[in-house]
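To start, the structure itself, in structure tokens.
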Amino acid sequence: MNILVVDDEKEIADVIELYLQNDQYNVLKFYTGEEALKCIRNTRIDLAILDIMLPDVDGFQILKQIREKYTFPVIMLTAKTEYIDKITGLTLGADDYIPKPFNPLELVARVKAQIRRSTQYNDGSRDAGNLIDFGGLFLDRNSHECVYNEVPLTLTPIEFDILWLLCENRGKVISSEELFENVWGEKYYKNSNNTVMVHIRHLREKMSGPTGKSDFIKTVWGVGYKVEE
């Protein structure tokens, strides 16, 4: 895999290169936009990491030229925190956006997620309708695969179906009754709520491993459960 890294701050570019090379990626590193554009025209790129503020051609201009011909994932890097920069990058076709300072391990995780999404969604043998990929979570209903923040999780069929239903309806609160009747396929009774609660607790415990947090699935008291957009 060829990863293009463009950042005029040498120390940052070097750190990114080191961490990506540790994961066996081939890194093409440049400190100016013009050098990067030459590389893009002459080399197959699998993913690009672009700083916005460069001494010659800025990251937005590079992104714009990339999207005229190529579909590989692009992650934008910048010291700026203005929301308008994020909107501009995403509007021009960026796939992800990481403000500086950042944790290099998080950047590597984002790279892996974008490459996985790019290769698997573009694979004709896979049905995108059976894939969910957002917020660091990847679910494949065909293979029953669950990966959270690059850590594979072993889920029971019931746990997988609960997580799938919540993610498929992310942003929406799903009641215990709706969860039970959709996942178990049985009529909901009062004690069915305990069954749902136990499975939600097990899911949270498994998902807390990669992050140390158990808040991916949120409880809306008196209503049900949801995951955020």
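How about region 1-27: which of its residues are in a strand (DSSP E or B) and farther than 20 Å from R116 by Cβ?
V6, the sole residue that qualifies.
Is there a residue in region 43-62 that is without any contact (Cβ under 8 Å) to a residue 12 or more places away in the chain and in the same structural domain as D7 (by TED's automatic domain parsing)?
So far as region 43-62 goes, no, none of its residues is without any contact (Cβ under 8 Å) to a residue 12 or more places away in the chain and in the same structural domain as D7 (by TED's automatic domain parsing).
In the list S214, S208, which residue meets the criterion of being without any contact (Cβ under 8 Å) to a residue 24 or more places away in the chain, closer than 28 Å to I115 by Cβ, in a loop (DSSP other than H, G, I, E, B) and touching a Ser or Thr at 6+ places or on another chain (Cβ under 6 Å)?
S214
What are the pairs with Cβ atoms under 8 angstrom where one residue, in region 63-82, is not assigned by TED's automatic domain parsing to the domain that holds R116 and β-branched (V, I, T) and the other, located anywhere, is at pLDDT below 90 and surrounded by fewer than 16 Cβ atoms within 10 Å (Cβ to Cβ)? Sequence gap at least six, or different chains.
Within 8 Å, no pair qualifies.
For region 109-124, indicate whether the set of residues that are at pLDDT 80 or above and not in a helix (DSSP H, G or I) is non-empty.
Checking region 109-124: not a single residue is at pLDDT 80 or above and not in a helix (DSSP H, G or I).
Quick one: count up the residues across region 76-104 that are touching a Phe, Trp or Tyr at 6+ places or on another chain (Cβ under 7 Å) and at pLDDT 85 or above.
Qualifying residue count, region 76-104: 2.
Testing E178 on (1) closer than 30 Å to L105 by Cβ; (2) in a helix (DSSP H, G or I); (3) modelled with pLDDT of 90 or more, one condition comes back false. Which one is that?
(1)
The values are calculated or read from the model by the stated rules, or taken from the named source; none is laboratory data. These numbers were taken from a predicted model, which means no experiment stands behind them. Please note: Cβ atoms are built from the backbone with ideal geometry, for glycine as well, and neighbour counts cover all protein chains shown.
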